[in-house]
Structure formats: structure tokens, C-alpha cells
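Enquirer: Structure provided below as C-alpha cells; questions to follow.
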Amino acid sequence: MEIPAKYDPSKTEDKWYKYWMDNGFFHSEPDDREPYTIVIPPPNVTGVLHMGHMLNNTIQDILVRRARMQGKNACWVPGTDHASIATEAKVVAKLKDEGIDKNKLSRDEFLEHAWEWKEKHGGIILEQLKKLGASCDWERTKFTMDEDMSKSVIKVFVDLFNKGLIYRGVRMVNWDPQAKTAVSDEEVNYKEVQSKLYYVRYQVEGEDDFVTIATTRPETILGDTAVCVHPEDERFKHLHGKKVIVPLVNRPVPIIQDEYVDREFGTGALKITPAHDLNDYEIGDKHNLESIDIFNDDGTMNESAQLYIGEDRFETRKLIVKDLDEAKHIVKIEDYVNKVGYSERTEAVIEPKLSMQWFLKMEDLAKPALDNVMNDNVQFHPPKFKNTYKHWMENVKDWCVSRQLWWGHRIPAYYLPEGGYVVAETEEEAVKIAQEKSGNKNLTINDLRQDEDVLDTWFSSWLWPISVFDGINEPDNEDYNYYYPTNDLVTAPEILFFWVARMIMAGYEYKEEKPFKNVYLTGIVRDHLRRKMSKSLGNSPDPIGLMKKYGADGVRVGMLLCSPAGGDLLFDESLTEQGRNFGNKIWNAFRLVKNWNIDESIEQPESAKQAIDWFKNRLNSEIEQINDLYEKFRLSDALMSVYKLFWDEFSSWYLELVKPAYQKPIDKATFEATMSFFDIMVKLLHPFMPFITEEIWQLMGDRKDSESLMIEKMPESEKYDEEIIEAFEFVKEVISGVRNIRNENNIAQKEQISLKIKGDYENQYDACIVKMANLSDIESTETKIEGAVTFMVKSAEFYIELGDLVDVEEELKKLQEELDYNKGFLNSVMKKLSNERFVNNAPEKVVNVEKKKKEDAEAKIKVLEERITSLKK
């Protein structure tokens, strides 16, 4: 078969992906093999492929393809997440573009639009992953709102409620005014911002005295219900038991005492707004203060504020500062740096807000999840993240699981006409329980009102490794018992708590077993300026565009060339170019070998026998090293190991050693050994570069329709001899030494030269040296050869008599220049070493480096002087 001169990814990638799909190579069913399971971190159904997905899914595919080739029953479960906040925001925006206001739709009407949007746009990212070569079991694709998945979520909510772990109550929550929903503590990002600190005076009721407070949020003054001072603060003891008047709204509020107050901050007096600050809420609860909520759900002022009704909170800040100043309540304003919470989803500034929400008690759930990470039942790679995990788990707070949205899993709580509620998996069960609870047997579903809220998206994805195998609904089913626990999870450190920790909790709660054995935490993909890649910065390349330009294999290699576990990836497009170039190197090497003519009548050269013997040992040593790197999850290093093996050892040394002379045939034994090595190499490369390796493997011999490299056996390391590998490193140095002398003296490669050796030298690889260095002969000598050019490898000295091959005058001039340079260098080193202050005060290591420089320079000078003397004779 004619092999094209250039490898063209556009002609092979779709072809082989279709072939793999058509043959069902990605699909897995339970059998008697060892399972290897990965569940994909489900991307948002709204999502499109970005560089973080590329890295994460490349790593997963490498692990899955290798496991499959190891003979394991590999199952990589794909799917998408319904992403409540993100999806609802996109649907609302789409409706707005069409002139439709969400608030004028019923819940069912809105959900029709949402499902329609999901069917049209959802799953784009999964199709894009196919371009990357992702070998997911697409027949198992799941969506977090599939019927069985939703049933699992509701079942777990009811179970946890019945266990007393889920409760409902008014609590201070993180409110996102843009999404109009509560978000959990983990979904708030705190950023340092340049703010203002406003000093505002409150008049003491019935007196001319004033109390000054300091606040960064003057708009919340309208919700103040107390001023608090430290009970032992002498400055305020005369005010105990009195009241102050809240500026502008003229509300009298008590001056209370509490040790919570930091006497050193601001003025030592603290305004208390229980409805809009977590700490104020706790003080208010302790002192039975009134709570006045002054904000609407969208962050505008409500009627309880009395002033600025309908104005946005930040506009109100400007207005109230102006009015306070005019009313002479502003004492001073200072610049101030403080931390402000932002919604991870919408980037809106979070508003602490009192709200009736559903919560999950976390303390008991967290304990086994912490213990089993700390004892390495679940291993983190890299392990440095254990400390972060430990800190979070030991300080875990109850999880606010309700969201004020329509898209998602609706909370299965039903309110009774006369008050109270019941929690049930179905409407029928809810009616039955409600009848029992109320004693009214005539109650129907029409008498009950289901809670309007949905569950936090993470409340479904924390069940992902269980629910994709239907382990909640059918805990004894075959898939669940076979594939769970899964093997490896590949994800980003920023969702270690959102997702990883909660999946571990769910695993121990519902299976009493870890959900996965290993967690590989990738770094963040950054640009060369170390900025996180994002659409807003415009610094993130389009992954599909990159794959069109460099091929999927090129991009996969490029992503891995700089992505150690847990270390940030500094992406540079030149790396994907390097990946493509590596693919071209493999292709050109294959064409070279495949185009050799075989002559069965010729004998195998000794140099080829020696090269095969060396490379076989080198290859087996490297396979052992690669496997060790895989086990340690050092995938970038594993790739680099295969990369160097192919580029440096196989292409640069082995192929050069065995290739026949120009237009000459090769012997059969050498050709077969070379093709055998090539077969092993493409198998080692396949997890990293699936497309080009499949194309080459199919061209290597006659293949049947159902054959594929991806289901071939991964090579295992056989016995190897370290001494043979080490001996050949010596051979390489000798060949390089001869080549350097050729270059330095402008001696053409076609000119044969003689090599003489003095000292410790074993000649088992002479044939390789003769071929690669183009020598006429190799001889031993007991004495130095005057007038010859020399070099050393270890303790052996090598001589080449140049004779008429070199211009003596030119050589002497060059040697003299080198001698002068080395003498100057030695002189500078000697000045340092003769300086007593340097020798006595510098670290011993630094002094020893200078001493080594002195020894090396003296040795070079001696060799150069001897060489000059011998040339002058």
C-alpha cells in the first residue's frame, strides 16, 4: 500500500473514530475481567469545550485507553449536568431576546422552554469531545435530570429528611441578587477590593451626645436595629441602657453590650443590621433584636427601607452618603481595603440575607469522608491537597441545598392547608402521609402545595458515581456491583469541596464504600502571563480550531507537555505545534522503515545485531519506567519518557544504526525486529496519540475488519540487562566524540578515518561504532600517539591521526585561541580562590564548585598544550 508522504489528521481522525464506534470498542458490559471505571466530571449542559475540558478529558482518555489495552474491562461514563443557575440564566436571556418575560410564564410553561433549549443546545460539548478522541461509552451517556437520575435525587432527599439530616429553617444565606437565589458558602469567591469606610454619627436619644460608627455599607443603616459596644469599653459605659436614633429614618434603637465587638476596629461602636450581616444576625438572635429586611430579591430597596424604594443597593449607597452628609451625620470617609463575596456563577456581589431554606447537616456525613482520605483509602494526586481538604472538612458547615429557581429537581416537600408539611418521593405518597398526619382522609393532591424551590445542582452531582449505575434506585443491580467503586476521578482542585468531598460522603452514606480509589487533580490552564484562561480576557484559544490546525493528537500532546498533576499549565500554542511535529516525526520514521526493500538472501550485519540487542534492553527498561510513572499519576513524565524513547533512542540512534546504505536492501531479520519494535512503540504511544498510532498500526500489516490497535495488548516489560544499556551509552559518547572531531576539523562524513584506543575499553559494540562514525578500523594502543587528535570517554583515551586531513596552521591557531581563553578563565577562578574572605565566608558548596572549575580548566590546558606541542613536531 502506498503510504502518503505527509500525515493528514483531517483524513484519519473522523475515519478511525467512526470505526471505533461502529465496532463498539468503547462499550462495556460486566464480565469476568477486572473492571476499570471512570465517570466523567459532567460538564454543564450549556457548555462548550474550553481548554480546561481539553486537559481534563485528555488525561481521562489516556487512563482509559491504557486500561483497555491492559486487558481490563474499561468503562468511561459520559454525561452532562443540568446546571440550574447557568441554564436558567441562559433560558431567561433567550426568552428576553424573544420579548418574553419569565415572570409572566407559569412554571410549566417556563420548563417547556428550558427543555426545548436543552434538547437544542445541550450535548454540544459531548460531540466536541469526540473530536478529541474521547473513548467514552456513549451508550451509557447520562444527564442529571434523566428520569432515573431524578428519581435517585428525590429518593436521597427523602431518605436524609427521614434520618433527620435535612431540615428547614430561616437562616442567613448568601443571596445572589442577579440569579435571585441562595448559593452555598463554597459558591462564593472573596476578592480584595478598594472600598470606603464611612464614619457616621448617631444621636443619643434625648441628648446632644453622639455615637460614631464605621461601616463599608451605609445603605444598610436603614435596617439597623441596635448599636453594640464592648461591655468593658470605658468610652461607652455612660451610654449603657440608652438608645440612639438611626439617621434619616429616625428610628430609636438600643445600645447593647457584647464581647463580640472589636474595640480596636473603627470607633469601637458597631451598627447592628440582623437581616443583612451574618455576625449581626447572631448578635441579634442572642439579644432578641428586631430584624428588618430592606432588600428585594433583586438587590433593590423594598418598602421596609422607607427611603430609596426601588433603587439598586449600590445606587442607594451613593444617595444615602449624599443625604447623610447634608444632614451632618458623616464624620469622615477613609479609603479601605476589604474582602467582598462574589457569586461564582454570576459574579454579582453577594448579599447576606435572612431566608427560609432547606439545609443538610454535614458533620456526621463528613467524618468518614475525612477519615478515608487521611488514611489514603482515597488517594489524592498530588497529596498536598489533603491538608486543604482536611481543613475544610473539619470546619464544614450545614449545606444550604435549596435554590429559588425552576430548572432543576423540585424539592419533594408538600405543604398542608392548615400548616405544616410532609416530604415524600411521589404525590401519591405525599397525599397518604398528609392524610395520616392531619387525620383528614379526604385530602387530595389538590389540597397540597409543593415547595417552589429546586435542589442545588451539586445535590444531584454528589450522587454521580452511584446514580450513573442506578445504585440508589436498585442498590443490588449488576452494573453497580461490578463498576463501583470506580477507579480514578480526574477533576480540578477548585471543585474539591463542591463535588469531590460530597461524592465521598455520599459513597460512604449509601454504599459504605469510597466512590473512587484515586483523585487526580489537574492544574488550571493559564496563558504565558499566568492569567487564567477565560472568554472575558480573550486569552483562551478555541479548542476545535486548535485541533483543525494541529490535529487532535498534536493538541493532546501539547496539553500534556506542561501539565504536572496539581500544577498550573502554562499553555503556549507552540506546544501543540511541537505535538504535531512529533506526529510527523513518527510518520516519517514509519515511512522510512516501511519503504525499505527486503532481501532474504543477505546476512544480518553485526552492527544491526548489536543495535537490536541494545534497543531491546533499552525498550524494556523504558516500559518499566513508563509503568511506574503511570502508577504515580505522573502522566506528563510518562509521555515525555515515550517521546524521548521514540525521538532520541529509536529514531536518532537505532534507525540510524540499522538502516541500509542508500538504495540498498535490508536483511529480513533486521526488518522484522525493527517492525516489532515499531509495533511496541505505537502501542506505548496510543493512549497519548490514538489517531496517528491507529493509522500506522493498520498500515503495518494486513488487518481484519474488527481489529484495532486500541484493543491490542499493552506491552509489558521483559527482563533487561542494565549493563548493556550502560555500555551503549559509552558507545554513544565515542561516536559523538568522533563526530565532534570531524566537525571541528571539517572532515566529511564520507572520509573514512582510523580510531586508536588506549585504556579501559570493551569492544562488543565495535561494529556499531565503525558504522556510525564511518571508521576504517579500530585498534588498541599501549602508548600515546603524538600528533593525533584525542578525546576521552571515562578513562579511555581515543586518538585520530589526521595527517593530511587537517590544515596544521589553522588547527594551531584554533588551539592557541582555546588555550588563551582557558588560561584567562583559570586566572579569574584563581583570583576568587586566593580571596580569603570568599573562601572563609562563602558556603562550602560554592567554594567546591570553584575548585572543580580550577581542576577542569587545568586539565583542559594540559591537553591543549600537549596537542599544540605534538602538532609543532
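The values are calculated or read from the model by the stated rules, or taken from the named source; none is laboratory data. Please read these numbers as outputs of a predicted model, since none were measured by experiment. Glycine gets a Cβ as well: all are built from the backbone with ideal geometry, and neighbour counts include every protein chain shown. Ligands, DNA and RNA are stripped out before the accessible areas are found, and what is left, the full protein with its side chains, is counted by its heavy atoms. Shrake-Rupley method; radii C 1.70, N 1.55, O 1.52, S 1.80 Å.
Enquirer: In whole angstrom, note down how far apart the Cα centers of region 226-249 and region 209-225 are.
Expert: Answer, in whole Å: 12.
Enquirer: Just the Kirkwood number for region 456-495, please: inverse of mean 1/r across all distinct Cα pairs, in Å, one decimal.
Expert: Its Kirkwood hydrodynamic radius stands at 11.2 Å.
Enquirer: In nm, give the distance between the simple-model label positions of N840 and N375, each being 7 Å from the Cα along the Cα-to-Cβ direction.
Expert: Label at N840, label at N375, 6.0 nm between them.
Enquirer: Pairs of Cα atoms under 8 Å, at least six residues apart: use those to get the relative contact order of region 432-507, whole percent.
Expert: It comes to 32 percent, rounded to a whole number.
Enquirer: Give me the base-10 log of I(q)/I(0) for region 285-348 at each q in 0.20, 0.25, 0.26 Å⁻¹, Debye formula, one uniform scatterer per Cα, rounded to two decimals.
Expert: For region 285-348, the Cα-only Debye profile gives -1.08, -1.09, -1.09.
Enquirer: Efficiency by 1/(1 + (r/R0)^6): what FRET value for A727 and T869, r their Cβ-Cβ distance, R0 = 22 Å, to the nearest 0.05?
Expert: Rounded to the nearest 0.05, the efficiency is 0.05.
Enquirer: Going from most exposed to least, what order do S467, S195, S304 have by accessible area with a 1.4 Å probe?
Expert: So the residues, ranked largest to smallest area, are S304, S195, S467.
Enquirer: Something else now. What are the ³J(HN,Hα) couplings of region 398-404, residue after residue, when phi is run through the Karplus curve with 6.51, -1.76, 1.60 and θ = phi - 60°? Round to Hz, x for glycine and proline.
Expert: Taking θ as phi minus 60°, the curve returns 4, 8, 6, 9, 9, 9, 8 Hz for region 398-404.
Enquirer: Just how many % of Cα pairs in region 201-274 lie over 20 Å apart, if you round to the nearest whole percent?
Expert: Value for region 201-274 (Cα pairs over 20 Å): 19 percent.
Enquirer: Just need the relative contact order of region 23-77 here, percent rounded to a whole number, with Cα pairs under 8 Å and 6+ apart.
Expert: Rounded, it is 60 percent for region 23-77.
Enquirer: Also: Quick one: if you stick a label point 7 Å off each Cα along the C-beta vector at Q70 and E34, how many nm between them?
Expert: Each label point lies 7 Å from its Cα, and together they span 0.6 nm.
Enquirer: Just to confirm, what accessible area per residue do you get for the chain at 1.4 Å probe, in whole Å²?
Expert: Averaged over the residues of the chain, the accessible area is 47 Å².
Enquirer: Distance from the Cα centre of region 291-346 to that of region 392-409, in angstrom?
Expert: If we compute the Cα centre of each part, the gap is 27 Å.
Enquirer: If you plug each phi of region 379-392 into the Karplus form 6.51 cos²θ - 1.76 cosθ + 1.60 with θ = phi - 60°, what whole-Hz ³J(HN,Hα) values come out, in order, with x for Gly and Pro?
Expert: Going residue by residue, I get 9, 9, 10, x, x, 4, 6, 4, 5, 4, 4, 4, 4, 5 Hz, with x marking Gly and Pro.
Enquirer: Could you tell me the calculated FRET efficiency between K704 and Q604, based on Cβ-Cβ distance and R0 = 45 angstrom, to the nearest 0.05?
Expert: 0.90
Enquirer: With a/c under 1.5 counting as rounded, go ahead and sort region 149-273 into rounded, prolate or oblate using the C-alpha gyration tensor (a ≥ b ≥ c being the square roots of the eigenvalues; past the cut-off, prolate if a/b is larger than b/c, else oblate).
Expert: Verdict is prolate for region 149-273.
Enquirer: Would you mind calculating the relative contact order of the chain from Cα pairs under 8 angstrom and at least 6 residues apart, reporting the percent as a whole number?
Expert: Value for the chain: 12 percent.
Enquirer: Mind checking the alpha-carbon convex hull of region 683-766 and giving the volume per residue in Å³?
Expert: In region 683-766, the Cα hull volume divided by residue count equals 202 Å³.
Enquirer: If you keep only loop residues by DSSP, which trypsin sites (Lys or Arg not before Pro) in region 671-765 have at most 12 other Cβ atoms within 10 Å of their Cβ?
Expert: Answer by residue number: R703, K704, K713, K719, K750.
Enquirer: So, one more: If only Cα atoms are counted, what is the Rg of region 796-873, and what is its Dmax, in Å?
Expert: 16.6, 54
Enquirer: I would also like to ask the following. Residues with amide H under 5 Å of Y342's amide H, sequence separation 5 or more or different chain, H placed in the peptide plane at 1.01 Å from N; which?
Expert: Answer set, sorted by chain and number: N189, Y190, K191, I350.
Enquirer: I would also like to ask the following. For K332 and D856, what does the FRET efficiency come to when R0 = 60 Å and r is the distance between their Cβ atoms, rounded to the nearest 0.05?
Expert: 0.30
Enquirer: Lys/Arg Cβ at +1, Asp/Glu Cβ at -1, dipole of region 546-674 taken about the Cα centre: which of M547, P665, L570 is farthest positive-ward?
Expert: Going by the Cα projections, it comes out as M547.
Enquirer: Quick one: which residues, 5+ away or cross-chain, put their amide H under 5 Å from the amide H of C228? H built at 1.01 Å from N.
Expert: Correct list: I256, L270, K271, I272.
Enquirer: Further question on the same structure: Within 10 Å of each candidate Cβ there may be at most 14 other Cβ atoms; applying that plus a DSSP loop requirement, which chymotrypsin sites (Phe, Trp or Tyr not before Pro) in region 640-678 survive?
Expert: Y662
Enquirer: Here's a follow-up. Could you list the GluC sites (Glu not before Pro) in region 174-275 that lie in coil according to DSSP, counting only those with at most 11 other Cβ atoms within 10 Å of their Cβ?
Expert: E207, E232, E259, E264
Enquirer: Can you give me the C-alpha center-to-center distance between region 646-671 and region 542-588, rounded to a whole angstrom?
Expert: 28
Enquirer: Can you list residues from other chains, or at least 5 along the same chain, whose modelled amide H is less than 5 Å from the amide H of S754?
Expert: Distant-sequence amide H within range of S754: S776, E801.
Enquirer: Specify whether the C-alpha gyration tensor of region 50-106 places it in the rounded, prolate or oblate class, a ≥ b ≥ c being the square roots of the eigenvalues: rounded for a/c under 1.5, otherwise prolate if a/b is larger than b/c and oblate if not.
Expert: prolate
Enquirer: Kindly count the pairs of lysines across region 304-374 whose alpha carbons are less than 23 Å apart, treating pairs on different chains or eight or more residues apart as eligible.
Expert: Close lysine pairs under the 23 Å cut-off: 7.
Enquirer: Hey, another quick one. With N denoting the number of residues in region 21-169, provide Rg(C-alpha) divided by 2.2 N^0.38 Å, to two decimal places.
Expert: 1.28
Enquirer: Give me the percent of accessible area attributable to carbon and sulfur for the chain, probe 1.4 angstrom.
Expert: About 46 percent, which is the carbon plus sulfur part of the accessible surface.
Enquirer: Restricting things to alpha carbons, find the Rg to Rh ratio for region 405-451 using the Kirkwood radius for Rh.
Expert: 0.98
Enquirer: Starting at the first residue of region 631-641, write each ³J(HN,Hα) from the Karplus equation 6.51 cos²θ - 1.76 cosθ + 1.60 with θ = phi - 60°, in whole Hz, x for Gly and Pro.
Expert: 4, 8, 6, 9, 5, 5, 5, 5, 4, 4, 5
Enquirer: I've got another one for you. Give the residue from V519, I504, N487 lying farthest towards the positive end of the charge dipole for region 456-526; charges sit on Cβ (+1 for Lys and Arg, -1 for Asp and Glu) and the dipole is referred to the Cα centre.
Expert: So the residue furthest toward the plus end is V519.
Enquirer: Quick one: go through region 49-88 and flag any residue whose amide nitrogen is under 20 Å from the point 7 Å out along the Cα-to-Cβ line of D679.
Expert: It comes to 66, 68-72, nothing else.
Enquirer: Under 14 Å between alpha carbons, and skipping anything fewer than 8 positions from K548 in its own chain: which aspartates and glutamates qualify?
Expert: Of all the aspartates and glutamates, those that pass the test against K548 - Cα under 14 Å, at least 8 places apart if same chain - are D8, E13, D14, E573, E577.
Enquirer: Another one. List the extent of the Cα atoms of region 535-670 along each of their three principal axes, largest first, rounded to whole Å.
Expert: The Cα atoms of region 535-670 stretch 67, 32, 16 Å along the principal axes, largest first.
Enquirer: Still on this structure, I have one more. With the Cα gyration tensor of the chain in hand, convert its eigenvalues to equivalent ellipsoid semi-axes via √(5λ) and list them largest first in whole Å.
Expert: 69, 39, 22
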